[in-house]
1. I'd like to verify a number: residues in the stretch A:38-58 that are within 28 Å of B:Gln839 (Cα to Cα) and outside any strand (DSSP E or B), how many?
2. Restricting attention to the stretch A:106-141, and to residues there that are surrounded by fewer than 20 Cβ atoms within 10 Å (Cβ to Cβ), modelled with pLDDT of 85 or more and not acidic (Asp, Glu), which single residue is farthest from A:Phe30 (Cα to Cα)?
3. When B:Trp760 is evaluated against the numbered criteria (1) modelled with pLDDT of 80 or more; (2) buried (at least 18 other Cβ atoms within 10 Å of the Cβ), which criterion, by number, is the only one it fails?
4. Out of curiosity, is B:Pro74 free of Cβ contacts under 8 Å to residues at least 12 places away in the same chain and more than 45 Å from the chain's Cα centre (by Cα)?
5. So which strands (runs of 3 or more DSSP E) are wholly in the stretch B:752-867 and hold at least 2 residues that are more than 33 Å from the chain's Cα centre (by Cα) and at the interface with chain A (Cβ under 10 Å from one of its Cβ atoms)?
6. For B:Leu78, are the conditions met, namely being aliphatic (A, V, I, L, M), surrounded by fewer than 14 Cβ atoms within 10 Å (Cβ to Cβ) and more than 17 Å from B:Asp543 (Cβ to Cβ)?
7. Residues of the stretch B:151-180 being assigned to a loop (DSSP other than H, G, I, E, B), under 32 Å from the mean Cα position of the chain (by Cα) and on the phi < 0 side of the Ramachandran plot, which ones?
8. May I ask you to verify whether A:Glu137 is among the acidic types (Asp, Glu) and either under 30 Å from A:Lys60 (Cβ atoms) or part of a loop (DSSP other than H, G, I, E, B) (or both)?
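The values are calculated or read from the model by the stated rules, or taken from the named source; none is laboratory data. These figures come from a predicted structure and were not determined experimentally. Quick reminder, even Gly has a Cβ in these numbers, built from the backbone with ideal geometry, and neighbours come from all protein chains shown.
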Amino acid sequence: MRYNFYILLILAFSACETEIQVDQSEYKPFVVVNSIVSADSMWVVQLNYSKSIFDNSDFKPVENASVHIAVMADTDSNVDEEIQSFYLQHEGNGRYTRSNRPAEGRNYQLTVEVDEEVITARTYVPKVLHASAEVIELTPDSKHISIEVIEDEARENFYAYELLPIVEDKTELDQTEALGGGDSDTNNDAASSTEEANFTQQFGKFNGFKGAVPAQSDQSGSIIVDLDNITIRSDQSSTSTLPGGDTSSSSNASNKYTLKVWAVSIDYYNYLISVQESSLPDSEKTFYNYHTNITNGGGIFAGYNLEEILIEF
Amino acid sequence: MIRRVHVLVCAVFLSVNLLAQENADLPTLKFDSLQVTLESAIKSIENQSDFFCSYNPLTVDLSDQLLLTRTQIPLARLIETIEEQLEIEVQINQSSNKLQFFSKQKRIISGIISDEASGESLQAVAVYHTSSSGTYSNEEGYYSLRITEEVDSLFVSYLGYKTKAIAVQNLLGSSLNISITSDNELTTVIISDTIRSLNDLSNPTPMDYRPESPITGIGGRSDLLSSVRFIPGVSVGSEAQNGFTVRGGGPDQNIILIDGLPIYEASHLGGLSSIFSSETIKHADLYKGDIPARFGGKLSSALDIRLKDGNRNTVNRSASLNFENLKGFIEGPISPKTSIMLNGRISIVGLYANALLPKSSGFVDTEFSYNDFYSKLSHWFSPSNRISFTVYSGRDDIRLEREKIDQAELSFIDLNEVKWKNRLFAINYNVALSDKVFLHSKIGVSTFDFDSRSANSVTSIQDQSNSKLDVNAISQQSDRIAQVALDYFGSRIGKFNFGAGIINHSSAPSILEANTCLDPFERVADSTYLSNEAFCYIENTLDLTSNWTLKSGLRYNYFFGLEDVSYNYFQPRVNLKYSRSRNQINFSYSSMSQFLHLLVNPSSGLPSDLWVPSTSRVAPESSQLFSSTYKYISSKTWSLQIGAFYNLYDNLIAYRNPYEIIQAIVTDHPVFNRDTDEKNWEDRVEIGRGRAYGLEFQFNYERGRFTYLLGYTLSRSERTFKFYANEPEITYPYKYDRPHNISSYLEYRFDENHKLFASWVFGNGNLWTLAESAIPDIEGNPILDERGRNNIRLSNYHKLNLGYSVRREQANGNYFEYTLGIHNAYNNRNPFFSYIEEQPAGSNPPIAVKEVSLYPIFPQINVKYSW
């Protein structure tokens, strides 16, 4: 299916093909913001410049920005009054931090000033999630997980979840944590030499974000996970289905799983939706298009809260 | 702003007819008494103004008494008084300061104008008795003209025909059917405004197309769409592009009518040739600025094609063969009052396409075929009372199936298929109800079925495990139409046309995706939208003075029946024209609306454009077209035309995220999937606006055996959309934005049977969307930024075609016609489409933009035998 209809048509008649030069001399980079925050982590904002798609050099970090966070007065996003604000410090390599943590149930306004440009974004950090889960066996071959959440009735709630196997083999476990980052300082150090490692360090807790399934609860406050159709990720290169599914290709899979449940802001939810939609049916995907809430720039500024639940089948 | 313009134009339309008869420039005259004779009134006019008067003393009685309302009276009012109280008509010629007094004893002469040889009625033929008093025949060749008793002869003039003078003084009754003779010595002007001897009559047809046009399509034969593209403002910017674009609009915004019914696809094999067969066409008009109110439903232009009725006198047959198709044509009388025309074409590309396929390509099955069939049966109850039945059926099928084995591990089967069908059936009944009123009526149905399919199967040779994906885009459109129209010739304030009708639309768009190969019965549209479009209109053509002509119209559309929503649109049309000596200038305004949208796949992947109706969220598209042209006609040898246009578009739709479509370049990922999830097409589109503006230039030269045409258009077309809530709206060039467009044509006729011709066209390439920015995602991986719109322009499109045509007549009148030519003589690699390709890891740049051309230099041969 990857062959284009016209390519086939042209191949059929041996038509001519030439490479055209696209003038990129007037390309103007813009600022890309990447910041996912929760009440459990300190403020981190990563700033880079975009680059031309014809440029295969590394992304250039934004070094001279003024990064300002404003805490808004009310959880209602329509109220636009600042009650507190502060600046983030530049650590280097485009990474701006501050040791304090976002508060749950708050709206935050991010303002970045650089090169006479003003880039803004706004997000909400959801309240700490209270969730429990129950495995429901519909038939011997079909199971559901029912996740019960206590919702914030003052606003629309958005969630994401992911099921990760707990690998018994210590070696395999270390590899998995290293790939995802986890909380290990050792692993962070191992990855700190590259730009990608910085991201991994910053967003280590989100090792599963690309596999996270965005969801909204039903009227009773439940999120139903259909195990028949879920694919879980045990490491970066292999997948397995859950017990009750048809097959299991992971030799290390046990009957213990970690269910990660995120309460996410609407921006993060939309971001995950766009990630999900951009996932292509085969592994040859080339392009992505992810949701952005950044005005006058690109990237994502979003909030979440995470709860992990042990599931045993 | 658009609304204000709309209101203003409506007001102008309503008031201008009322004001038309007033003439503030005429002087006021003084009389000694309120009762005067016509003779003294004429003397007063000549003494107190610059006008002199002419009259025939045999028919105008100078002793007739006039009763004035006051002693100081404007000349215009005096003329009205004379016309009201006496049996006299006064014609004012301000350019020559002349008043002509005619006896008011008038008569009406009407009838059908036809070709003497074939009996075919002829449209847009000028019938006149003075240079400033005449009319044109309508679509059925019918004319009606009021003349005074003094007129002794009429003149009939039509390009390519000998001008005919007909004595009418001794004509009994009012019926006068006229047949005129083709003038083989005259050149056939292919396109452009006709250079008429009656240049101060308003020209009803902005473009004449005759099937004899030597501008050829790829196969080396005359082709309507190839000719249309030579008109300034009309362009095509890539090889094998379906349809054409007019003044910044899209290919879907041109209404194309065959005998009054719309068709949706005008091309075969993705633009290889048009569906129109030159032998079947009697007349074609393209309206691009001053669009009459009888045309509606599309935003940019109207192409009105009338098929031949069939020769009423003799049987004509022809057969032709070229690299592309085999064609047969026959026309002739069935009875003295009935004629028939039949035409069929079948492509022959498929016969040799397989032989051209490289064996290494792995193609196991291909299909490149089309066929079409036209028929028209006409019966005349009387010369001006006719019923006709028109049938058109066309079908295309392109299919490519390929098998490939990858390193003896995986077996791939790719199936790509695009099929479409056009079908049309129309019944037209036309009758002259009186010598002033002509009735047109029609009912019919037009259907368009489009089906594209991309299926893929991957099988492991070792364990025979299999993975399949089948993506199917379907667009089924059906229109049922009933319409009645009247031409009224008897009014003193010009000719009126009235009409009303209703169209029932049935639209079934769908894209299906399945992980199995869908059976044919499963590949059907899963939903159908039914909607209705009722309309009525009025048109008027009024000679305000001998120099000024006003064509005005008002169309009303009511769209209803879908989701309990309805839309009302009033669409005024105004064209004001000034003619003096060899100069013509006109200003026009047209308001248009379009109730069916074409959801265009912006990528160059599998064609999956879908027709969708207006809904509660997606309102009908609308446009406001402003244009002005100036034309200078030097003599019968050359003419020059300069035009300007400014078009505004509203309620346009575009996919919010073109990159979903761009993914199709790599994966043929579906646009949306009505079959399996909630993603309706309405959720994928945004509504915006657009504008287009430009200048047009056209130069025509004809002298002796030599003809030269040159057209140039300088224009821009842009769209403005707000795609994301947190982003401002953006303005970007439209996919068919083409700043420069040049067309030229050269012809030299050695004699009647030998001619040499060449055409050269140039246009900036089409635009397409490529994300120009890469940004880091949250893990630092590069992803594409989605904000680019139409930011990559394909290479310029230009090519030279050369041709030589020979006609060999035999003693019995039969003839062979050979057309030999070279297509793309200097082998320019004109862009057909482009795609992006990832380069191996570490390459700089990491991706490449590849452009593919389709038609290199190749010979054209067309052989036709006619008997």
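1. In the first step, residues of the stretch A:38-58 are kept if they are within 28 Å of B:Gln839 (Cα to Cα); the result is A:47-58.
The next check asks that each one be outside any strand (DSSP E or B); those that pass are A:50, A:53-58.
Adding up the residues that qualify gives 7.
2. A:Gln109
3. (2)
4. On the way: free of Cβ contacts under 8 Å to residues at least 12 places away in the same chain: no; more than 45 Å from the chain's Cα centre (by Cα): yes.
When the stated conditions are applied, B:Pro74 does not pass them.
5. Values: elements: B:754-763, B:773-776, B:782-784, B:797-809, B:815-823, B:831-838, B:847-853, B:858-866.
Of the strands (runs of 3 or more DSSP E) lying wholly inside the stretch B:752-867, those with at least 2 residues that are more than 33 Å from the chain's Cα centre (by Cα) and at the interface with chain A (Cβ under 10 Å from one of its Cβ atoms) span B:773-776, B:782-784, B:831-838, B:847-853.
6. On the way: aliphatic (A, V, I, L, M): yes; surrounded by fewer than 14 Cβ atoms within 10 Å (Cβ to Cβ): no; more than 17 Å from B:Asp543 (Cβ to Cβ): yes.
Considered against the rule, which asks whether it is aliphatic (A, V, I, L, M), surrounded by fewer than 14 Cβ atoms within 10 Å (Cβ to Cβ) and more than 17 Å from B:Asp543 (Cβ to Cβ), B:Leu78 comes out as no.
7. Let us first name the residues in the stretch B:151-180 that are assigned to a loop (DSSP other than H, G, I, E, B), namely B:151-152, B:158-160, B:162-163, B:168-174, B:176-177.
Among the residues that remain, those that are also under 32 Å from the mean Cα position of the chain (by Cα) are: B:158-160, B:162-163, B:176-177.
Scanning the stretch B:151-180 gives B:Tyr158, B:Leu159, B:Lys162, B:Thr163, B:Leu176, B:Asn177.
8. On the way: among the acidic types (Asp, Glu): yes; either under 30 Å from A:Lys60 (Cβ atoms) or part of a loop (DSSP other than H, G, I, E, B) (or both): no.
No, not satisfied.
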